[in-house]
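The values are calculated or read from the model by the stated rules, or taken from the named source; none is laboratory data. Everything numeric here is computed off the predicted structure, so don't read it as measured data. Cβ placement follows ideal geometry from the backbone for every residue including glycine, while neighbour counts extend to all protein chains displayed.
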Amino acid sequence: MAIKAPKALAARPGGPWRWPGQCALCRRWCRGGTCADCDALHSPDAHPRCALCALRLPPGAAAAGAPDPRSLRCGACARRPPPLSRCVAAMDYAFPWDRLLLALKFGEQLEVAPLLAGRLSLALARAGIDAPDLILPVPLSAERLRERGYNQAHEIARRLARPQGTGEVERQSRLCARTLLRLRDTPQQARLPLDERRRNLRGAFVVLKPVRGLRVAIVDDVMTSGATLHEAALALRRAGAADVQAWVVARTP
């Protein structure tokens with residue numbers, strides 16, 4: 001007789017429930033989070049991206065006189081650089097990863113966080129990112145945190161706060177979930193024009209702990225316009241942070 005998932009779990013939003021040991025993408029039995037076939041089919045993103053907003057660029061961008069990924073710029077960032085020194089995304093926000101991101105954010109499926117964090121960790125290594133002093137998850141408002149019960153950005157960020165580095169130098173980044181505070185809840189940003197998103201977020205973040213002279217990475221699950229990350233970065237810059245990067249699992253195309 002086939003074993004069925006409990007109804008309450010099977011009905012969770014964001015995607016079907018799976019048993020431990022099943023591939024997160026195709027539900028085949030496997031040893032890791034994803035099976036070998038899905039790993040081959042959905043290989044790590046190798047597309048050139050803007051170094052400041054992680055927007056996917058045309059395939060020939062890396063070869064067009066700018067071989068260093070840190071020098072790649074989209075048109076918008078070339079005209080008006082954001083308050084970030086670097087932005088890294090593991091993938092585009094698209095099938096099949098969008099299902100897992102929705103499952104984590106709205107479906108209480110925290111078990112997918114290690115898989116998503118692992119993909120982001122691979123992207124950081126591929127980009128040659130050194131460990132910062134602090135890793136800060138983008139905070140939720142108190143109202144949203146009470147409603148959801150957890151912060152999906154924190155679930156990803158806490159798995160990145162481990163020794164990183166190259167050669168003989170290995171540094172430990174410190175996870176600080178209470179350095180950034182979101183002062184107020186803001187409307188869902190995805191449906192708003194960019195200018196309105198920026199107005200909604202103006203002054204939404206405050207820095208509670210010393211960051212002067214420190215190198216900081218802000219972590220989030222999805223980057224759409226970048227308005228949230230930019231406002232958080234501005235708050236950190238005003239507080240004296242020496243360098244602010246953004247690390248996201250997915251970037252909307």
Of the residues in region 86-103, those that are over 15 Å from Leu57 (Cα atoms) and in a loop (DSSP other than H, G, I, E, B) number 3
Glu111 meets each of (1) within 13 Å of the chain's Cα centre (by Cα); (2) in contact (Cβ under 8 Å) with a residue 60 or more places away in the chain; (3) over 20 Å from Leu234 (Cβ atoms) with one exception, condition (1)
Those residues of region 205-220 which are of a type in the set (Asp, Glu) and exposed (fewer than 14 other Cβ atoms within 10 Å of the Cβ) amount to none
What do you reckon, is Ala54 touching a residue at least 60 places away in the same chain (Cβ under 8 Å) and touching a Cys at 6+ places or on another chain (Cβ under 8 Å)? yes
In region 44-83, residues that are modelled with pLDDT of 85 or more and farther than 25 Å from Asp243 by Cα total 1
The number of residues in region 73-85 that are out of contact with any helix residue (DSSP H, G or I) (no Cβ under 6 Å at 6 or more places or on another chain) and in a loop (DSSP other than H, G, I, E, B) is 5
Residue pairs qualifying under the 6 Å Cβ cut-off, at least six apart or on distinct chains, with the first in region 24-38 being free of Cβ contacts under 8 Å to residues at least 24 places away in the same chain and assigned to a loop (DSSP other than H, G, I, E, B) and the second being surrounded by 14 or more Cβ atoms within 10 Å (Cβ to Cβ) and not aliphatic (A, V, I, L, M), are Cys26/Cys38; Arg27/Arg18; Arg28/Cys35; Cys30/Cys23; Cys35/Cys23
Within region 163-182, residues modelled with pLDDT under 90, surrounded by 13 or more Cβ atoms within 10 Å (Cβ to Cβ) and not in a strand (DSSP E or B) come out as Ser173
Scanning region 225-253 for residues that are touching a Lys or Arg at 6+ places or on another chain (Cβ under 8 Å), at pLDDT below 95 and not in a helix (DSSP H, G or I), the one nearest to Leu120 (Cα to Cα) turns out to be Pro253
Within region 188-216, residues over 20 Å from the mean Cα position of the chain (by Cα) and at pLDDT below 75 come out as Leu192, Pro193, Asp195, Glu196, Arg199, Asn200
task = Evaluate the following for Leu41: is it modelled with pLDDT of 80 or more, closer than 27 Å to Ala125 by Cα and within 23 Å of the chain's Cα centre (by Cα)?
result = no
